[in-house]
Amino acid sequence: MTGSQIDRRALDAWIKARRSTFETQLKELVEIPSISMDPSRKADMQRCAQAASAMIRKAGGVATIHATAGHPVVSGGFIRDPKLPTVTIYNHLDVQPADEPTWRQDPFRMSNVDGTYGGRGTTDDKGPALTAFHAACWAQEAGLPINIRFLWELEEEIGSPNFEACLTANAKELSAGGRERHSVVVSDTVWVARGKPAVSMGLRGMVTALLTLETGTEDRHSGLVGGLARNPITELAAVIAGCVDARTGRILIKDFMKKVEKPSKKELDGFVASGFRTNRFREVHGFKSLRTKDHRAGAAAIWALPTFEVHGITGGYQGPGVKSIVPPRAEVKISMRLVPGQTPDEAVRLLTRHVKQLNKDVVVKAQHGLLPYRGPSTGPLADAAVESLRFAFGKKPAFVREGGSIGAVVTMRERLGCDVMFIGLSLPEHGYHAPNENYDWGQASGGMAAFARYFELLSERR
């Protein structure tokens, strides 16, 4: 990496002057309830896309709203010269529902308490999106020799079902070109701890499924049939126990771990260097206990190993008290996070085979699948990400992975033909997908400096 040409004091002054505009724009976006999984919010999804595209145009960029079979995709940016290096910034503007009873405020009315912004979408992912956007505005004003594009999706929270089709249909406009001088950066990842920058170099994939079992046609009194009748809830509980060790989390599905690429010692060292500590993880997420207190094992469990999780069991009586019936049907909702070496199709095949061996009457229905992603940890893009965060936050970042999934990432690598890097800014206490989600000016202002430096470094790839 070459030496910084940015006057840091001038940059900080520019960022400080942008604070009011940033907060106004964040408030506008947060107060649009862009809940992609809620069919009643279709008009709000369009309104969010229109507001976002208007922000790009007002800053002097071009913007297009691409219709899809679902919710739209916003693209645009500052295109100076097709011969210059190009970076595409991906974010999503759709959000999770906010129906938790523990919200301390209206989740779709942004609060601002001393630079901490509360509301659904502040950190996932509207705040980081605007952080990168403002850094791009600085790069445009500074005349950096680089093209900066935006891809703002509104279906990420439901698995990006129409994103690939949108890229394919608009390939000429959205293509980021070849690998040598073009790239994608995603600002939708999480640090381990405040003051300890982290660069993610991978995402887990995911597959979801429903396990259903029918053993009758209607509820029956357990005093009449109990002991002889098959109870589908009980049998499905046994199937779950046969798939995962509840105490350790170890997956018991035959051959499931066979192709898993386990993390190296160097990578595990990096996980711990990022600041990951099991006691802090437990406190931040409100757990009473964890499966292990070992920092290395804990980091590997959430970033580098597959999972089998049960998200819900339905069936039988759900009202107050106990209604002593044997239900006729039950269903289990599960997901499996996947790591490099695994694919959703293979995971479903192994799950189905294993479940049928445990209980031949259980029906396995796959719902949705995402491939895992392994990004570069060496080379010019990784070096630029490391230098950018060091420049902005004063510390060299550690390389980590993300435990979650971003469906658009693998699609962009394949369809746009270039590597995807991650420069995330959110913190565990910001509450991804949680009640009382928030973001703060410290991460936003530092993030603007980081992205400004990143754009400067990429502009030198000529």
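Please enumerate the residues belonging to the range 48-97 that are in a strand (DSSP E or B) and either among the hydrophobic types (A, V, I, L, M, F, W, C) or under 16 Å from ILE32 (Cβ atoms) (or both). VAL62, ALA63, ILE65, VAL73, VAL74, PHE78, VAL87, ILE89, ASN91, HIS92, VAL95 - these are the residues of the range 48-97 that are in a strand (DSSP E or B) and either among the hydrophobic types (A, V, I, L, M, F, W, C) or under 16 Å from ILE32 (Cβ atoms) (or both). State all residues of the range 376-390 that are of a type outside the set (S, T, N, Q), within 20 Å of the chain's Cα centre (by Cα) and assigned to a loop (DSSP other than H, G, I, E, B); if no residue qualifies, say none. Residue satisfying the conditions is PRO376 alone.
Being within 18 Å of ARG401 (Cβ to Cβ), assigned to a loop (DSSP other than H, G, I, E, B) and either in contact with a strand residue (DSSP E or B) (Cβ under 7 Å, 6 or more places away or on another chain) or not charged (D, E, K, R) (or both) is a property that holds for PRO263.
Conditions tested, residue by residue: (1) among the small types (Gly, Ala, Ser); (2) crowded, with 19+ Cβ neighbours inside 10 Å.
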| site | (1), (2) |
| --- | --- |
| ARG296 | no, no |
| ALA304 | yes, yes |
| GLU309 | no, no |
| MET336 | no, yes |
| THR343 | no, no |
| LEU351 | no, yes |
| LYS360 | no, no |
| PRO380 | no, no |
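Looking at the range 190-215 only, could you name the residues that are assigned to a loop (DSSP other than H, G, I, E, B) and surrounded by 23 or more Cβ atoms within 10 Å (Cβ to Cβ)? Answer for the range 190-215, where residues must be assigned to a loop (DSSP other than H, G, I, E, B) and surrounded by 23 or more Cβ atoms within 10 Å (Cβ to Cβ): TRP191, VAL192, PRO197, ARG204. Residue check: ILE146 meets all listed conditions (1) in the same structural domain as ARG349 (by TED's automatic domain parsing); (2) surrounded by 15 or more Cβ atoms within 10 Å (Cβ to Cβ) but one, namely (1). Give just the number: which of (1) closer than 24 Å to GLN140 by Cβ; (2) modelled with pLDDT under 95; (3) of a type in the set (Ser, Thr, Tyr) does TYR454 not satisfy? Of the numbered conditions (1) closer than 24 Å to GLN140 by Cβ; (2) modelled with pLDDT under 95; (3) of a type in the set (Ser, Thr, Tyr), the odd one out for TYR454 is (2). Filtering THR217, THR189, THR234, THR212 for residues that are among the hydroxyl-bearing types (Ser, Thr, Tyr) and at pLDDT below 95 leaves a single hit, THR189. Restricting attention to the range 305-350, the residues that are closer than 17 Å to ILE240 by Cβ, in contact (Cβ under 8 Å) with a residue 24 or more places away in the chain and not hydroxyl-bearing (Ser, Thr, Tyr) add up to 20.
Regarding the range 84-101, can at least one residue be identified that is more than 24 Å from the chain's Cα centre (by Cα), in the same structural domain as ARG390 (by TED's automatic domain parsing) and within 23 Å of LEU167 (Cβ to Cβ)? Checked the range 84-101: at least one residue is more than 24 Å from the chain's Cα centre (by Cα), in the same structural domain as ARG390 (by TED's automatic domain parsing) and within 23 Å of LEU167 (Cβ to Cβ). Taking (1) touching a residue at least 12 places away in the same chain (Cβ under 8 Å); (2) surrounded by fewer than 24 Cβ atoms within 10 Å (Cβ to Cβ); (3) closer than 21 Å to LEU458 by Cβ in turn, THR131 satisfies each apart from (2).
Residues that are out of contact with any Lys or Arg (no Cβ under 6 Å at 6 or more places or on another chain) and in a strand (DSSP E or B) were ranked within the range 136-163; the one that is nearest to GLY407 (Cα to Cα) is GLU153.
Residue check: is HIS71 modelled with pLDDT of 95 or more and in contact with an Asp or Glu (Cβ under 6 Å, 6 or more places away or on another chain)?
When the stated conditions are applied, HIS71 passes them.
THR168 meets all of the listed conditions (1) buried (at least 24 other Cβ atoms within 10 Å of the Cβ); (2) of a type outside the set (A, V, I, L, M, F, W, C); (3) more than 17 Å from ALA384 (Cβ to Cβ) but one, namely (1).
Report whether or not VAL364 is among the hydrophobic types (A, V, I, L, M, F, W, C), part of a strand (DSSP E or B) and not assigned by TED's automatic domain parsing to the domain that holds GLY127. Taking the combined requirement at face value, the residue satisfies it.
Restricting attention to the range 216-229, the residues being under 24 Å from VAL364 (Cβ atoms) and surrounded by 15 or more Cβ atoms within 10 Å (Cβ to Cβ) number 2. Residue-level check: of (1) within 19 Å of SER405 (Cβ to Cβ); (2) assigned to a helix (DSSP H, G or I); (3) aliphatic (A, V, I, L, M), LEU224 misses just (1).
Annotation: of all residues in the range 1-33 being closer than 19 Å to PHE133 by Cα and polar (S, T, N, Q), the one that is surrounded by the most Cβ atoms within 10 Å (Cβ to Cβ) is GLN25.
For ASP114, the criteria (1) among the charged types (D, E, K, R); (2) surrounded by fewer than 24 Cβ atoms within 10 Å (Cβ to Cβ); (3) under 19 Å from THR189 (Cβ atoms) hold in every case but one, which is (3).
Do we have VAL355 as crowded, with 18+ Cβ neighbours inside 10 Å, more than 27 Å from LYS126 (Cβ to Cβ) and at pLDDT 95 or above here? Criteria met by VAL355. Among the criteria (1) crowded, with 18+ Cβ neighbours inside 10 Å; (2) within 17 Å of the chain's Cα centre (by Cα); (3) of a type outside the set (Phe, Trp, Tyr); (4) farther than 27 Å from ASN170 by Cα, the one VAL410 does not fulfil is (4). Annotation: of all residues in the range 434-456 being of a type in the set (D, E, K, R) and outside any helix (DSSP H, G or I), the one that is nearest to LEU371 (Cα to Cα) is GLU437. Test of understanding: among GLY431, GLY417, GLY424, which residue is under 21 Å from TYR373 (Cα atoms), under 18 Å from the mean Cα position of the chain (by Cα) and of a type outside the set (Val, Ile, Thr)? Going through GLY431, GLY417, GLY424 in turn, the sole match is GLY424.
The values are calculated or read from the model by the stated rules, or taken from the named source; none is laboratory data. Treat the numbers as computed from the prediction; the structure is a model and nothing was measured. Cβ: placed from backbone, ideal geometry, glycine included. Neighbour counts: every protein chain shown.
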